[in-house]
């Protein structure tokens, strides 16, 4: 099955020498004392829960014979996350779904895989982790992940995860936050897990150097609005638990941002000129916790609309086919 793909990637890694050195344990971009991080659990009803700690939000859905987990935060939090889940249910964690490749969502992959958990993602997540990535704003490089941290099962457009009494629908949103985004829809529980295509009350990052685009972000919100109703519990990638009204407000912000930056790009403004114009000054009080957050959002939207070349994908993607 898709484990064959892992073998192909592993062989390429072995042949590629030091450039494919193993990645160190995932860590946040700022110093964190993980010993002081507490995992907060929110009951979403119907045996579904949201966990918050350090990094992306986690969704936990309990079936009759196991647990589906969406995202795993940072590696040093594995034991705390596992303990929080065991406090919810003694069922084993069967699946860990990665909504995208960023390490505040995938850092726990290796440790959970060692527990026997099946790691599942859209195929581009595995590709990005295996190849290593570069931050489009800072130029910072993230080295390739170890083979043990790579998802063992992948999909391309749509997939389902089934346990007794629990079904998760996985759908790929192309070129949104990254080129490998997955949203997870627990239909019977009316719970939607969006990853970082939706960040509640915060400007999102758009990883334009690795397939992200403002148009895909807006397309993601359109897909979610079709699924959700007034009672839907929406677990965003970051920020508090959300509802459909919060999602609509977020979409309005994205559309406004796109319109304003499009106008400035058409006027021939440079990136620095666009930042200096402060086009989101009226939006910042709600969406930007810091001035840097505002500037970074301007820059990522600008690159989405102004860059003429598509971000390069890992060269070995052509080896893979739909499972």
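The values are calculated or read from the model by the stated rules, or taken from the named source; none is laboratory data. Predicted, not measured: the structure shown is a model, and the values here were computed from it. Every residue, glycine as well, gets a Cβ built from its backbone with ideal geometry; the counts of neighbours run over all protein chains shown.
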Here are 192, 225: which of them is more than 18 Å from residue 121 (Cα to Cα) and in contact (Cβ under 8 Å) with a residue 12 or more places away in the chain?
225
For region 132-148, indicate whether the set of residues that are within 15 Å of the chain's Cα centre (by Cα) and in a strand (DSSP E or B) is non-empty.
yes
Note on residue 273: of the conditions (1) in contact (Cβ under 8 Å) with a residue 12 or more places away in the chain; (2) in a helix (DSSP H, G or I); (3) in contact with a helix residue (DSSP H, G or I) (Cβ under 8 Å, 6 or more places away or on another chain), unmet is (1)
Residues being within 20 Å of the chain's Cα centre (by Cα), closer than 14 Å to residue 297 by Cβ and surrounded by fewer than 16 Cβ atoms within 10 Å (Cβ to Cβ) - total across region 226-262:
0
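Please work out if residue 176 is at pLDDT 95 or above, part of a loop (DSSP other than H, G, I, E, B), touching a helix residue (DSSP H, G or I) at 6+ places or on another chain (Cβ under 7 Å) and closer than 25 Å to residue 271 by Cα.
Values: at pLDDT 95 or above: yes; part of a loop (DSSP other than H, G, I, E, B): yes; touching a helix residue (DSSP H, G or I) at 6+ places or on another chain (Cβ under 7 Å): yes; closer than 25 Å to residue 271 by Cα: yes.
Answer is yes for this residue.
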